[in-house]
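Engineer: The structure under discussion is supplied below as structure tokens; questions concerning it will follow.
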Amino acid sequence: MTCEAVAPDDIFECRKCGHCCQGFGGTYVTPRDVDNIAEYTGISEMELRDRYCQPSDGRLVLAQDADGFCVFWDKLCTIHPVKPRMCRAWPFIEGVLRAPENWTHMAEACPGIRTEFPEKAIVACVRQQLDALPEDGHVYPNNLKRI
Ligand code: SF4
Ligand code: SF4
């Protein structure tokens, strides 16, 4: 699938470094994400919200361990099939549509992001990928998989 002049694989290839699972100011989880993770892990929704999430700006984010990594990180994502929408989408996120310069900022922390393409083409590609992103965490395009 191409997006104007660039395809998703042209502008992003995950290096499996795990940097995006550490810090980054929190991984937002939707109610659907909570449902999916609870079902996949067998952790009750209440425990998931209380012990594995924390509030941030009125929303829920995944909690982090003392080392700053996501609670579901263990050398890889332990909830990969149901990881939150934000993780499945990365780096094709709404923030790039709102402010295209975010793509370059994100690249400073994510070595898989390439920036040497026209901004317009990158935005078009991000928009197309977001439009194709299922809300449900169980099925998603291979090119959106990362760790
Ligand atoms: S998405 Fe980026 S930061 Fe995250 S593991 Fe892949 S290359 Fe590393
Ligand atoms: S849910 Fe998985 S992909 Fe998302 S931040 Fe946690 S470990 Fe990383």
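Since every read-out is calculated from the coordinates, none of them should be taken as a lab result. Remember, it's a predicted structure, so these values are computed and weren't measured experimentally. Neighbour counts run over all protein chains shown; Cβ positions are idealised from the backbone, glycine included.
Engineer: Using only Cα atoms and rounding to the nearest 10 degrees, what angle (0 to 90) does helix 119-131 make with the longest principal axis of the chain?
Structural biologist: Tilt relative to the chain: about 40 degrees.
Engineer: Any idea how far the Cα center of region 80-127 sits from the one of region 27-66, in Å?
Structural biologist: What the calculation gives is 23 Å, centre to centre.
Engineer: Once you charge only the Cβ atoms, +1 for Lys and Arg and -1 for Asp and Glu, what is the size of the charge dipole of the chain about its Cα centre, to the nearest 20 debye?
Structural biologist: Numbers: 16 positive and 22 negative charges, 31 e Å.
Its charge dipole is roughly 140 debye.
Engineer: Here's something else I'd like to know. Please name whichever of Pro118, Gly68, Leu130 sits farthest to the positive end of the charge dipole of region 8-144, dipole taken about the Cα centre and charges placed at Cβ: Lys and Arg +1, Asp and Glu -1.
Structural biologist: Pro118
Engineer: For region 43-104, what does the relative contact order come out to in percent, with C-alpha contacts under 8 Å and a separation of six or more? Mind showing how you got there, number by number?
Structural biologist: Details: 28 pairs, mean separation 8.2, N = 62.
About 13 percent, as a whole number.
Engineer: Next question, about the same structure. Label points 7 Å out from Cα along the Cβ direction at Asp65 and Ala7: separation in nm?
Structural biologist: Label at Asp65, label at Ala7, 3.7 nm between them.
Engineer: Which value in deg cm²/dmol, rounded to the nearest 500, describes the helix-derived mean residue ellipticity at 222 nm for the chain, given -39,500 (n - 2.57) per DSSP H run of n ≥ 4 and division by the residue count?
Structural biologist: Values: 7 runs with 51 residues, N = 147.
After summing the helix terms and dividing by the residues of the chain, the value is -9000 deg cm²/dmol.
Engineer: Compute the normalised compactness of region 8-144: alpha-carbon radius of gyration over 2.2 N^0.38 Å, N being the residue count. Don't jump to the answer; show the numbers that get you there.
Structural biologist: Values: Rg = 15.0 Å, N = 137, 2.2 N^0.38 = 14.3 Å.
It is 1.05.
Engineer: Compute the helix-to-body angle for 31-41: its Cα long axis versus the longest principal axis of the chain, expressed 0 to 90° and rounded to tens.
Structural biologist: Helix 31-41 and the main axis of the chain meet at about 60 degrees.
Engineer: Expressed as a rounded percentage, what relative contact order does region 8-144 have, with Cα pairs under 8 Å and six or more residues apart?
Structural biologist: Details: 165 pairs, mean separation 45.4, N = 137.
This gives 33 percent for region 8-144.
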